[in-house]
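Below is one structure, written out as structure tokens, with a few remarks after it.
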Amino acid sequence: MTTSVEQQPAPLAYWPGFGRYQDPEPLFRLRDRSDARKPASSGAKIREQAYSDKQTLLAELALKIDLVVQGIALDLGVLHQFAIGTKYLEQIHLLFDMDREHHGDVELPAAFYLPHGLFTAFRWDPDSRYRLRAEDGQPVLYRGEQRVAAIEFYRRPALLDNKTGDGESFAHIAQFGPEGNVGIFYSNECDLKHTGDDCRYCNINSTAAAYREQNIFLKTPRQVGEVFAAAHAQGRAGHINVTGGFIPERREVDYYLDVADEIKSRSGVKEIHGTAVIGAPLDLRIIDKYREAGYTTIALNLEIWDRDIFKAICPGKQKRCGGWDHWVKALEYAVSVFGRGKVRSNLVAGIEPKESVLRGVEELAAKGVICFAGAWCPNPGSALEGHRTPEAAWHYDLTLKAAAIFAQHGYTTLELYDALGASSPFHDAFRINAGENVADQLAQWTYPSR
Ligand code: SF4
């Protein structure tokens with residue numbers, strides 16, 4: 001029987017964030033990596049220390065979420081002190097721009113590590129209370145005049161300097177995450193724009209126009225195969241996520257099958273530890289083809305759990321994919337093909353009430369679907385540009401509750417990463433609760449060799 005979120009016994013009640021969220025100010029006074037900590041010497045002290053470590057990591061998780069919600073301001077003079085685009089990875093807009101505004105030629109950092117190990121996307125907002133500063137050549141975050149944390153930018157993977165046989169830069173085709181994930185963005189436009197049916201929170205088409213020189217519209221299966229094979233040869237292809245906008249006439253299945261053939265023939269893998277991200281096909285039997293081609297997981301991002309809000313926010317998905325009920329049927333069917341925990345969905349958290357989002361996460365978890373609920377970022381060029389996402393406390397509470405749902409349904413860390421190859425706040429919350437930290441550090445998770 002499916003239990004609603006409200007009916008659950010107080011899950012993980014020792015986590016902060018259940019109940020009224022406190023002023024985050026004390027939570028954000030984090031230590032730098034260099035801070036020394038005395039070892040515990042007795043059972044009680046060890047438990048006390050373990051509790052304290054968990055609170056430290058949860059505080060860092062709260063900070064990570066706040067940094068995504070509020071963004072980070074900066075001065076160009078400070079930014080130019082860091083080797084963004086050479087030593088450190090720059091933002092490459094292969095799909096969406098999550099900054100407050102499109103920023104032309106200004107190279108912004110893609111991501112960084114917080115002091116206790118949490119990997120965090122860099123989102124620029126010129127009006128944010130958070131600001132990037134430089135101290136002795138090192139990047140540091142301030143909140144107003146309060147020093148919050150020293151950070152480490154994510155180093156630029158050398159693979160991005162490679163080129164395919166036809167001369168295309170790998171940086172125009174893929175991203176390489178620290179987990180060992182290869183993110184392929186096969187098209188950087190969405191055909192829904194031709195009928196004005198883009199999802200209202202989505203800025204894929206505005207991003208494609210703003211960063212035209214960074215992008216090529218459609219990556220050929222051969223290019224994708226070459227990129228994967230190069231990453232695989234270096235042990236950096238633990239997972240691949242293939243996604244993009246709707247392509248004309250919904251020819252995505254043919255494309256994905258060609259990509260699978262190229263990956264297998266060029267790298268020698270028999271199964272593709274990776275996710276095909278698709279729109280719900282009207283003929284559900286098409287889903288079998290993705291499994292037969294070798295993909296081990298599949299994603300169908302529903303985006304909104306409330307049927308009526310879905311119609312308003314995702315008009316294209318409503319019209320072209322059989323509507324909300326059909327989309328849920330497609331997720332159920334995908335579980336029957338790929339297996340429990342091998343199907344992913346996503347809800348854009350912050351457009352509908354939290355209770356509705358959590359009901360979706362819970363009901364889908366019970367059906368065998370791992371459904372994330374990433375924070376809505378009202379990004380430039382989307383129909384909802386200028387709106388506001390809920391406060392960080394709202395997203396923090398949602399994150400803890402969704403992670404608790406995943407745990408209660410027996411999903412594992414590996415399944416969460418096989419569903420989504422990125423260290424999202426949901427992955428962090430799940431791992432912190434599972435005790436995967438070592439003292440007050442949560443090490444970067446990486447895929448096992450495959
Ligand atoms: S289907 Fe919606 S979310 Fe996906 S790319 Fe198109 S407009 Fe964006």
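E362 passes all but one of (1) within 16 Å of the ligand (Cβ to nearest atom); (2) crowded, with 20+ Cβ neighbours inside 10 Å; which number fails?
The one condition E362 does not meet is (1).
Within the stretch 251-274, which residues are without any contact (Cβ under 8 Å) to a residue 12 or more places away in the chain and part of a helix (DSSP H, G or I)?
Selection gives D254 alone.
Pull up the stretch 214-271, narrow it to residues that are in contact with a His (Cβ under 9 Å, 6 or more places away or on another chain) and at pLDDT below 90, then point me to the one that is farthest from F96 (Cα to Cα).
Looking at residues that are in contact with a His (Cβ under 9 Å, 6 or more places away or on another chain) and at pLDDT below 90, I get P248.
So which residues in the stretch 216-250 are among the basic types (K, R) and either within 15 Å of D261 (Cβ to Cβ) or in a loop (DSSP other than H, G, I, E, B) (or both), if there are any at all? Step through it out loud before you land on a result.
Pass one, the stretch 216-250, residues among the basic types (K, R): 219, 222, 236, 250.
Hits for the stretch 216-250 are K219, R222, R236.
How many of the residues in the stretch 86-113 are in contact with a strand residue (DSSP E or B) (Cβ under 9 Å, 6 or more places away or on another chain) and closer than 28 Å to N205 by Cβ?
Pass one, the stretch 86-113, residues in contact with a strand residue (DSSP E or B) (Cβ under 9 Å, 6 or more places away or on another chain): 87-92, 94-95, 98-101, 103, 106-113.
Adding the requirement that they be closer than 28 Å to N205 by Cβ leaves 89-92, 94-95, 98-101, 103, 106-111.
Residues flagged as in contact with a strand residue (DSSP E or B) (Cβ under 9 Å, 6 or more places away or on another chain) and closer than 28 Å to N205 by Cβ within the stretch 86-113 amount to 17.
Can you list residue pairs whose Cβ atoms sit under 7 Å apart, with the first residue in the stretch 187-204 being more than 20 Å from A349 (Cα to Cα) and the second being β-branched (V, I, T)? Count only pairs 6 or more apart in sequence or on different chains.
Going by the 7 Å Cβ cut-off, the qualifying pairs are S187/I247; N188/I204; E189/I204; C190/I204; D191/I247.
Here is a check on your reading of the model: is R320 farther than 23 Å from A375 by Cβ and within 16 Å of the ligand (Cβ to nearest atom)? Talk me through it step by step, then tell me what you get.
Numbers: farther than 23 Å from A375 by Cβ: yes; within 16 Å of the ligand (Cβ to nearest atom): yes.
So R320 passes the test.
Assuming T413 fulfils every condition listed in (1) among the β-branched types (V, I, T); (2) in contact with a Pro (Cβ under 9 Å, 6 or more places away or on another chain); (3) surrounded by fewer than 16 Cβ atoms within 10 Å (Cβ to Cβ) apart from one, which condition is it?
All conditions are met except number (2).
Report yes if L141 is in contact with a helix residue (DSSP H, G or I) (Cβ under 7 Å, 6 or more places away or on another chain), modelled with pLDDT of 95 or more and crowded, with 20+ Cβ neighbours inside 10 Å, otherwise no.
Details: in contact with a helix residue (DSSP H, G or I) (Cβ under 7 Å, 6 or more places away or on another chain): no; modelled with pLDDT of 95 or more: yes; crowded, with 20+ Cβ neighbours inside 10 Å: yes.
It is false that L141 is in contact with a helix residue (DSSP H, G or I) (Cβ under 7 Å, 6 or more places away or on another chain), modelled with pLDDT of 95 or more and crowded, with 20+ Cβ neighbours inside 10 Å.
Taking the stretch 265-302, which residues are of a type in the set (A, V, I, L, M, F, W, C), within 16 Å of the ligand (Cβ to nearest atom) and buried (at least 19 other Cβ atoms within 10 Å of the Cβ)? First the steps, then the outcome.
So the first thing to find is which residues in the stretch 265-302 are of a type in the set (A, V, I, L, M, F, W, C), and the list is 269, 272, 276-278, 280, 282, 284, 286-287, 293, 298-300, 302.
Those left that are additionally within 16 Å of the ligand (Cβ to nearest atom): 276-278, 280, 282, 298-300, 302.
Once the filter is applied, which keeps residues that are of a type in the set (A, V, I, L, M, F, W, C), within 16 Å of the ligand (Cβ to nearest atom) and buried (at least 19 other Cβ atoms within 10 Å of the Cβ), the stretch 265-302 yields A276, V277, I278, A280, I298, A299, L300, L302.
Checking the conditions here, which among A366, A293, A312 is among the aliphatic types (A, V, I, L, M), touching a helix residue (DSSP H, G or I) at 6+ places or on another chain (Cβ under 6 Å) and either modelled with pLDDT of 95 or more or farther than 18 Å from L420 by Cα (or both)? Spell out how you get there, then give the answer.
Values: A366 fails: touching a helix residue (DSSP H, G or I) at 6+ places or on another chain (Cβ under 6 Å); A312 fails: touching a helix residue (DSSP H, G or I) at 6+ places or on another chain (Cβ under 6 Å).
Answer to the selection: A293.
Which one is nearest to the chain's Cα centre (by Cα) among residues in the stretch 365-386 that are without any contact (Cβ under 8 Å) to a residue 40 or more places away in the chain and farther than 23 Å from I204 by Cα? Even if it seems obvious, please write down each step before you answer.
In the first step, residues of the stretch 365-386 are kept if they are without any contact (Cβ under 8 Å) to a residue 40 or more places away in the chain; the result is 367-369, 386.
Those left that are additionally farther than 23 Å from I204 by Cα: 367-369.
Values: K367: 22, G368: 20, V369: 16 Å.
If we take residues in the stretch 365-386 being without any contact (Cβ under 8 Å) to a residue 40 or more places away in the chain and farther than 23 Å from I204 by Cα, then V369 is nearest to the chain's Cα centre (by Cα).
Restricting attention to the stretch 320-340, does a residue exist that is in a strand (DSSP E or B), at pLDDT 95 or above and crowded, with 22+ Cβ neighbours inside 10 Å?
Step one: of the stretch 320-340, the residues in a strand (DSSP E or B) are none.
No, because not a single residue in the stretch 320-340 is in a strand (DSSP E or B), at pLDDT 95 or above and crowded, with 22+ Cβ neighbours inside 10 Å.
Inspect the stretch 208-228 for any residue being under 28 Å from R344 (Cα atoms), crowded, with 23+ Cβ neighbours inside 10 Å and within 16 Å of the ligand (Cβ to nearest atom) and give the result as yes or no. Give the steps one after another, and end with the answer.
Here is the first cut: in the stretch 208-228, the ones under 28 Å from R344 (Cα atoms) are 208, 215-228.
Then drop every residue that is not crowded, with 23+ Cβ neighbours inside 10 Å, which leaves 208, 219, 223-224, 226-228.
Add one more test, that the residue is within 16 Å of the ligand (Cβ to nearest atom), and what stays is 208, 219.
Yes: one or more hits.
For the stretch 187-203: of the residues being surrounded by fewer than 23 Cβ atoms within 10 Å (Cβ to Cβ) and not in a loop (DSSP other than H, G, I, E, B), which is nearest to the ligand (Cβ to nearest atom)?
It comes out as L192.
For the stretch 303-317, enumerate the residues that are surrounded by fewer than 24 Cβ atoms within 10 Å (Cβ to Cβ), in a loop (DSSP other than H, G, I, E, B) and within 11 Å of the ligand (Cβ to nearest atom).
Residues satisfying the conditions do not exist here.
Which numbered condition trips up D397, out of (1) assigned to a helix (DSSP H, G or I); (2) free of Cβ contacts under 8 Å to residues at least 40 places away in the same chain?
Among (1) assigned to a helix (DSSP H, G or I); (2) free of Cβ contacts under 8 Å to residues at least 40 places away in the same chain, D397 violates only (2).
If I ask for residues that are under 16 Å from H232 (Cα atoms) and in a loop (DSSP other than H, G, I, E, B), which ones from the stretch 167-183 would you list? It would help to see each step written out before you state the result.
Start the filter on the stretch 167-183 by keeping residues that are under 16 Å from H232 (Cα atoms), which leaves 170, 173-183.
I173, G177, P178, E179, G180, listed by residue number.
The values are calculated or read from the model by the stated rules, or taken from the named source; none is laboratory data. From a predicted model like this one, the values you see are computed outputs, not experimental measurements. Quick reminder, even Gly has a Cβ in these numbers, built from the backbone with ideal geometry, and neighbours come from all protein chains shown.
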